[in-house]
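The next block holds one structure in the form of structure tokens; read it before the comments.
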Amino acid sequence: MTPLTQYGRMAEKHWREHRPKMVREMERKGILHQMLLEAENNTKDEMAMLRTQLMGHGSTAQQAQTQAWEMVREKYILLPSEE
């Protein structure tokens, strides 16, 4: 089993706290780890693309990293709470 990176661990912590029904369903289906890996890979891929674009528009590497994280984090990692 592929170990999770910081993004996968962050997603799992956040999902368990804010999306417990979703996590239980993924665990029931045996796909939680797979979905966490997908979330972290999507985050890393999209952030890399955004960093490149932002640096092309004059941002420093650190600025681009911070901006990319802010743009992507709620899409894959910090999902909104369940109703």
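Values quoted throughout were computed directly from the atomic coordinates according to the rules given, and no laboratory measurement underlies them. These numbers come from a predicted model, not from an experiment. Note: ideal-geometry Cβ built from the backbone for every residue, glycine included; neighbour counts use all protein chains shown.
Answer yes or no as to whether Glu27 is of a type in the set (Asp, Glu), touching a helix residue (DSSP H, G or I) at 6+ places or on another chain (Cβ under 7 Å), assigned to a helix (DSSP H, G or I) and surrounded by fewer than 16 Cβ atoms within 10 Å (Cβ to Cβ). So Glu27 fails the test. Checked against the criteria, Trp15 counts as of a type in the set (Phe, Trp, Tyr), outside any loop (DSSP other than H, G, I, E, B) and closer than 20 Å to Pro3 by Cα. Please tell me if Ser59 is in contact (Cβ under 8 Å) with a residue 40 or more places away in the chain and outside any helix (DSSP H, G or I). No. On the given criteria, is Glu46 in a helix (DSSP H, G or I), of a type outside the set (Phe, Trp, Tyr) and within 14 Å of the chain's Cα centre (by Cα)? The answer is yes for Glu46.
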